[in-house]
Amino acid sequence: EILKVHAKNKPLAEDVDLKQVAQTTAGFTGADLENLLNEAAILAAKEGRGFVKQADIQKSFVKVGIGSEKRSRIISEKEKKITAYHEAGHALTSRVLPTQDPVQQVSIVPRGRAGGFTLNMPKEDKYYNTKQQMEEELIVLLGGRVAEKLIMNDTSTGASNDIQRATDIARKMVTKYGMSEKIGPIDFSATQSEVFLGRDFANTNQLSEQTASLIDSEVKALIHTAYERCEQILRDNMDILHRLAQFLLDNETMDN
C-alpha cells in the first residue's frame, strides 16, 4: 500500500508487480520505498521512457540497498579474480543449501564500500529463523572466505564483514536463542553486551569464567563446523565454482 502511494504519479509498465517488490523490500522504511521508486523513475527517464519497468525497480533496489556503482575505481586483475571467486562462493552455497533465499544477482562491480555483492531475494516474509536456517546462513557467509582460500591459497580482508556477521549470528544462537545443547535454553545475551552509556557495570561480570569459556567454545564450534561444511560443498562443486567465477570475470554481473 505504501508503494502504491509513492507510485501514484509514476506510470508503471504491465510487468511491474508491486506485491513482489514489497516482498523483496522487507525492512524498508517508507522513505526507503519512496527513494526506490524515485530512482527507478530516474533510470526510466535516462533511457527516454515515460514509464517504469520492473527491471528499473530491481536495479534501483541494488543502488538503494547496497550503494551506487563505482566504476571509476581502479581494480587489478588479481583483485577482480579474488572478488569473482569470493562472490561465486557465496552464490554457490546459497544455491545448494535448501533453507537459503534464491540468488537474484551476483556482481563484481564495486558499490559503496563493497567490492562486489551477492543479492538474495526472499520468496516470502519470515517471522522466525530455525536452527538449520541459521547454521546454513553461517555456511553462506563463509562461502567467500573459503573460496578464496581454496582457489588463491590465501585470504583477503574482503571477508571481514562476513566473518563479523557470522560470529554475531553464532554468538546469538548460543547466548540468546538457546540453540546450544551444552549451554541449554538460557539467555546469556544481556551479560554479553558491551558497557555503554550508563549500562550496569555489574552485568558484565555475571558470567563465571567456566560459562564464558563454554560459550566461546560453542561459538567457535559452530563457526568451525560451518567452515568445514562450506569447504566440502565447494570442493564437491568445484567445476561450477570455476564457471561462475569465469562468467563474472567476463560479464561482471550475473542475473537470475
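If you check M179 against the conditions, is it in contact with a helix residue (DSSP H, G or I) (Cβ under 7 Å, 6 or more places away or on another chain), at pLDDT 90 or above and open to solvent by less than 50 Å² (accessible area, probe 1.4 Å)? Can you show your working first?
Working: in contact with a helix residue (DSSP H, G or I) (Cβ under 7 Å, 6 or more places away or on another chain): yes; at pLDDT 90 or above: yes; open to solvent by less than 50 Å² (accessible area, probe 1.4 Å): yes.
The answer is yes for M179.
Mind listing whichever residues of segment 22-38 are without any contact (Cβ under 8 Å) to a residue 40 or more places away in the chain and within 17 Å of Q54 (Cβ to Cβ)?
Of everything in segment 22-38, those that are without any contact (Cβ under 8 Å) to a residue 40 or more places away in the chain and within 17 Å of Q54 (Cβ to Cβ) turn out to be A22, T25, F28, L33, L36, L37, N38.
Give me a count of the residues in segment 98-119 that are surrounded by fewer than 19 Cβ atoms within 10 Å (Cβ to Cβ) and under 16 Å from C230 (Cβ atoms).
3
Pick from segment 27-56 the residues that are under 27 Å from the mean Cα position of the chain (by Cα) and surrounded by fewer than 11 Cβ atoms within 10 Å (Cβ to Cβ): which of them is farthest from E124 (Cα to Cα)?
Only one residue tops the list, namely A31.
Give segment 3-59 a look and list any residue that's touching an Asp or Glu at 6+ places or on another chain (Cβ under 7 Å) and in a helix (DSSP H, G or I), or say none.
Listed by number, the residues that qualify are H6, Q23, A40, L43, A44, Q54.
Any idea which of (1) open to solvent by 80 Å² or more (accessible area, probe 1.4 Å); (2) not in a loop (DSSP other than H, G, I, E, B) is the one G144 doesn't satisfy?
All conditions pass for G144, except number (1).
If I filter segment 150-160 down to residues being part of a helix (DSSP H, G or I) and touching a residue at least 24 places away in the same chain (Cβ under 8 Å), which single residue comes out as least open to solvent (accessible area, probe 1.4 Å)?
Checking each candidate, the answer is A159.
Just give me the residues in segment 203-220 being assigned to a helix (DSSP H, G or I), of a type outside the set (D, E) and out of contact with any Lys or Arg (no Cβ under 9 Å at 6 or more places or on another chain), in sequence order. It would help to see each step written out before you state the result.
Taking segment 203-220 as the starting set, the residues that turn out to be assigned to a helix (DSSP H, G or I) are 203-205, 209-220.
Imposing the further condition that a residue be of a type outside the set (D, E) reduces the set to 203-205, 210-215, 217, 219-220.
Listed by number, the residues that qualify are N203, T204, N205, Q210, T211, A212, S213, K220.
Could you please let me know if R49 is under 30 Å from L249 (Cβ atoms) and without any contact (Cβ under 8 Å) to a residue 24 or more places away in the chain?
Working: under 30 Å from L249 (Cβ atoms): no; without any contact (Cβ under 8 Å) to a residue 24 or more places away in the chain: yes.
For R49, the condition - under 30 Å from L249 (Cβ atoms) and without any contact (Cβ under 8 Å) to a residue 24 or more places away in the chain - is not met.
All but one of (1) in a strand (DSSP E or B); (2) modelled with pLDDT of 95 or more hold for M254; state the number of the condition that does not hold.
(2) is the only condition that M254 fails.
How many residues does segment 124-141 contain that are farther than 24 Å from T83 by Cα and either at pLDDT below 95 or open to solvent by less than 50 Å² (accessible area, probe 1.4 Å) (or both)?
8
Can you tell me which of (1) part of a helix (DSSP H, G or I); (2) of a type in the set (D, E); (3) free of Cβ contacts under 8 Å to residues at least 60 places away in the same chain is the one D101 doesn't meet?
Condition not satisfied by D101: (1).
For the subset of segment 72-96 comprising residues that are of a type in the set (D, E) and open to solvent by 90 Å² or more (accessible area, probe 1.4 Å), which member is farthest from L119 (Cα to Cα)?
Per the stated criteria, the residue is E77.
The values are calculated or read from the model by the stated rules, or taken from the named source; none is laboratory data. Keep in mind the model is a prediction, meaning the values are calculated, not measured. No Cβ is skipped: glycine too gets one built from the backbone with ideal geometry, and neighbour counts run over all protein chains shown. For accessibility, only protein heavy atoms count, side chains too; no ligands or nucleic acids. Shrake-Rupley method; radii C 1.70, N 1.55, O 1.52, S 1.80 Å.
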